[in-house]
1. Looking only at segment 75-84, which residues are part of a helix (DSSP H, G or I) and within 16 Å of Tyr127 (Cβ to Cβ)?
2. Of the residues that sit in segment 19-40 and are at pLDDT below 85 and assigned to a strand (DSSP E or B), which one is nearest to the ligand (Cβ to nearest atom)?
3. Assess whether Met1 counts as being within 16 Å of the ligand (Cβ to nearest atom) and modelled with pLDDT under 90.
4. Which condition number in (1) part of a helix (DSSP H, G or I); (2) under 22 Å from Asp55 (Cβ atoms); (3) modelled with pLDDT of 85 or more is the one that Glu138 fails?
Amino acid sequence: MLCPKCRSPKGQVMDSRVAKKGFAVRRRRVCRKCGYRFTTHEEICAENFTVLKRDGRREPFARAKLEQGIRRACAKRPVTEERIALMAEALAAEIEALRLAEIPSRVIGEKALARLRVEDQVAAVRYASVFRRFMQPEDFDAETASLRAG
Ligand SMILES: [Zn+2]
């Protein structure tokens, strides 16, 4: 774990404490380079949830699939492979934080779109065109209109 202050990997755990009735661990860490103290939180990964698709089918959530969709939208755009991985990582964390056993694919799509809008407008429009394929055509018009306005 990198130090949030100086990014040194030389951290040391000073104290570990069980939290959430044994389902989580909090650790106090100190950076051996700059002396900065910070806390990390470890929890059981809730990644094992189900995606409820538009057609009513269910499938297990796959981070790789989400990342692939983002990568496809970013093709030939100035978005690095590292940024794409970070976006997928952040999205998975965001989805996990919802703590839902079942999550509609529409919700995942909207969240991915929100991140892409910040990252690259063209990639966002591409993603929207795939993601909203079965939705109202005016949604797509609104997306391109907001791109022209921006
Ligand atoms: Zn440090």
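The values are calculated or read from the model by the stated rules, or taken from the named source; none is laboratory data. Values in this document were obtained by computation on a predicted structure and should not be read as measured data. Note that we place each Cβ from the backbone using ideal geometry, even for glycine, and neighbour counts take in every protein chain shown.
1. At the first step, the residues of segment 75-84 found to be part of a helix (DSSP H, G or I) are 81-84.
Those that are part of a helix (DSSP H, G or I) and within 16 Å of Tyr127 (Cβ to Cβ): Arg83, Ile84.
2. Of the residues in segment 19-40, the ones at pLDDT below 85 are 19-25.
When the remaining residues are screened for being assigned to a strand (DSSP E or B), the result is 19, 24-25.
Details: Ala19: 24, Ala24: 24, Val25: 22 Å.
Here the residue is Val25.
3. Numbers: within 16 Å of the ligand (Cβ to nearest atom): yes; modelled with pLDDT under 90: yes.
Answer is yes for this residue.
4. Failing condition for Glu138: (3).
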